[in-house]
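Each value in this text was obtained by applying a stated rule to the coordinates, not by laboratory testing. Please read these numbers as outputs of a predicted model, since none were measured by experiment. No Cβ is skipped: glycine too gets one built from the backbone with ideal geometry, and neighbour counts run over all protein chains shown.
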Amino acid sequence: MRVKRQPLAAIGVGLLVVFVVCAVFAPWLAPQDPARLDLTGRLMGPSAAHWFGTDELGRDILSRTLYGARISLVVAVSVVGLSLAIGLVAGCLAGFYGGWADTVINVYVMNAFLALPGILLAIAFVAFMGPGLGNVIVALAISGWVGYARLVRGQVMAVKEREFVEAARALGASDLRVMTRHVLPNILQPLIVQAAIGMAGAVLAEATLSFLGLGVPPPAASWGSMLNDARSHLFDSPHLVFFPAMAVMLCVLSFNFIGDALRDFMDPRTRLSAGL
C-alpha cells in the first residue's frame, strides 16, 4: 500500500539499488577495463560488442559508466558524512550554549562561508591542493557544512527549551548527556532528510568539478570527465554525452525522490493526511 501511495519513493529506491549494485560489482559487471585503449575502434556507436559505444580513445563507455558510479557514490556518502559531522558539532555548540559561542560560530564563521558561493570555494580549494578524490571530498565538505550547521542550530535552540530537557537538567544531567540523550535523538528527522537531498547535490558538484578537470585525475572514470571528453563530439557521436548524462540525472533523481519521501514520511501531519 505504501508503494502505491508513494510511487516516486519506490522508483528512487530502485534506482539507488541499481547504482549501488553497479558501483559494488563494477569489476564483474564491466565488460572491459575502463582504461583500456583501442584506437582502431574509437567513436563506435552502441552495438552488441559495446552496448554504450566507445569514446574518442576507444574505451568502452559502459565500463566507464559503471566505474563512474563508484566515484559518485563514494563522494556523495563521504561529503555528506563529513559535512554532517562538522555541521553537527558547530550547530550544537552554537544552538546549545548561545552567547559568544553562537555569535562567533553563527554570525562570523557561518556568514563568512555563506558569503562565498559553495562551488567556487570548492573549485578554489581543489585548484590550490590539486585534483584527487580526497581533495574533492574535503573541498565539497568545506563548502557544504554550513547548511547542516544552520539546520542543527535551529533545531537545537527549539528542543533545548522543551520540558524534558529542563527535567534532565534539574536531575543533574551533564551538558554532554543532555545533548546526546535528549537533544540529538529529537533533531535527527530533518537531518536525515537534508542528508538524502545533500547527496544529490554532492553528485552534481563532483560531476561539475570533474567536468572542469578538477575531479579525479585520469585514467579514472568519472561521469563529469566523460562529459568533458564528449564535448567536441556532441553532434557526430551524441552517445558519448547521452549515457553519462543520463547516469548523473538518474542518480540525482533517485536521491531527490528518496529525500522527498523521507520528508513526507517523517512529518506527522503529512502522514496523517496521506493515511500513512
*For the stretch 46-141, which helices (runs of 4 or more DSSP H) that fit wholly inside it have 1 or more residues that are in contact with a Lys or Arg (Cβ under 8 Å, 6 or more places away or on another chain), among the hydrophobic types (A, V, I, L, M, F, W, C) and over 26 Å from ALA230 (Cβ atoms)?*
61-97
_Give me the residue from the stretch 208-242 that is among the polar types (S, T, N, Q), out of contact with any helix residue (DSSP H, G or I) (no Cβ under 6 Å at 6 or more places or on another chain) and closer than 22 Å to PRO131 by Cβ and, out of that set, surrounded by the fewest Cβ atoms within 10 Å (Cβ to Cβ)._
SER232
*Give the number of residues within the stretch 106-138 that are among the aliphatic types (A, V, I, L, M), under 24 Å from CYS92 (Cβ atoms) and within 18 Å of the chain's Cα centre (by Cα).*
3
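What about GLY118, is it touching a Ser or Thr at 6+ places or on another chain (Cβ under 8 Å), among the small types (Gly, Ala, Ser) and either in contact (Cβ under 8 Å) with a residue 12 or more places away in the chain or surrounded by 21 or more Cβ atoms within 10 Å (Cβ to Cβ) (or both)?
Yes: the conditions hold for GLY118.
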*Filter result for ALA127 (in contact (Cβ under 8 Å) with a residue 12 or more places away in the chain and crowded, with 18+ Cβ neighbours inside 10 Å)*: no
_If I filter the stretch 243-266 for residues that are in contact (Cβ under 8 Å) with a residue 60 or more places away in the chain, within 19 Å of VAL17 (Cα to Cα), acidic (Asp, Glu) and surrounded by 15 or more Cβ atoms within 10 Å (Cβ to Cβ), do I get at least one hit?_
yes
*Specify the residue that is surrounded by the fewest Cβ atoms within 10 Å (Cβ to Cβ); the eligible residues are those in the stretch 40-52 that are of a type outside the set (Ser, Thr, Tyr) and more than 16 Å from SER232 (Cα to Cα).*
ALA48
